[in-house]
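Some notes on the structure that comes next.
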Amino acid sequence: MVRLVVSFIALLAGVFPAMAGDRALPQVIGYSEDARYFAFEEFGIRDGSGFAYSSIYIVDLSTDSWVVGTPIKVIAEDETQTLQQVRATVLVDATQSIEEFGIDTPAELVAMVGDGAPDNDATSLSFGAPGYDAGAVIGNSELRLSSFATTALAPCGEWFSVEPLGYELTLTDGGSERVIHRDEALPRSRGCPTAYRLYGVALPFMAQTTEHGVALISVYPGGFEGPDRRFIAVPLGL
């Protein structure tokens, strides 16, 4: 009987790989009517504690910075608080800020690299604005992502024995190419990243151009049980 139980546990271990780190998910919330401000949610289950969490970010796209008072974060106090409850709470907590910055235009992910897409290193992504006919796309732009060793305000060598990575994001559009962002020293809020991946591009609902596009980039800083997945929102119009 003992042998049977051990064999069953070993079989489960082969079917369900060991968990490491936590993989946050994003939810785009919307834009202000003038497309200056963009809001999104990042949520998941923390490694180590197993507590649910959710954070709402409001980004001033004109300055590529969080607005004062954000991100707004809620972390469960114990495992009895569900992820659904935590997400509902953070949305209530963020209501005043969402109203203050006029976040009332829906946002849509117009292109993305699915987490389950095999053999995709997520370093490039083509996109345009959705047209009205089936499959119609207005424009044809491409994002390219690369990473490189840099310095960070966090003590990455002491904490994780790693050299932190920064990223560069390049946009090709209509034959022209420009660098959207290139890191220098990383802010403490970024932690100690070991990898980056393109996740998707958001546009205001019914947008006919990509000038107000926002790239969502997955960033993998060190965590309690391994690399975690978090998100960076990068305005494409700067």
Original post:
How far, in degrees from 0 to 90, does helix 2-15 lean away from the longest principal axis of the Cα atoms of the chain, to the nearest 10?
Top reply: 10 degrees
Subject >> Distant-in-sequence amide H partners of Gly200 (H built 1.01 Å from N, under 5 Å) >> reply: Val113, Leu216
Original post:
Across segment 115-130, in residue order, what do the Karplus-derived ³J(HN,Hα) couplings come to in whole Hz, using 6.51 cos²θ - 1.76 cosθ + 1.60 with θ = phi - 60° and x for Gly and Pro?
Top reply: 4, x, 7, x, 6, 10, 7, 6, 9, 8, 7, 8, 7, x, 7, x
**OP:** Could you calculate the FRET efficiency of Phe205 with Glu158 from 1/(1 + (r/R0)^6), where r is the beta carbon distance between them and R0 is 45 Å, rounded to 0.05?
**Re:** 0.50
Original post:
Exactly which trypsin sites (Lys or Arg not before Pro) in segment 26-116 are in a DSSP loop and have at most 12 other Cβ atoms within 10 Å?
Top reply: none
Original post:
Starting at 0 and stepping by 5 Å, how many percent of the alpha carbon pairs of the chain end up in each bin?
Top reply: 1, 6, 12, 15, 18, 16, 13, 8, 5, 3, 2, 1, 0, 0
Original post:
What angle, in degrees between 0 and 90 and rounded to the nearest 10, separates the Cα long axis of helix 83-100 from the longest principal axis of the Cα atoms of the chain?
Top reply: 30 degrees
Original post:
Separation between the Arg188 and Asp93 pseudo-spin-labels, each 7 Å from Cα along Cα→Cβ, expressed in nm?
Top reply: 2.0 nm
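None of the figures in this text is laboratory data; all of them are computed from the coordinates on show. Everything numeric here is computed off the predicted structure, so don't read it as measured data. Heads up, the Cβs are rebuilt from the backbone with ideal geometry, glycines too, and the neighbour counts pull from every protein chain shown.
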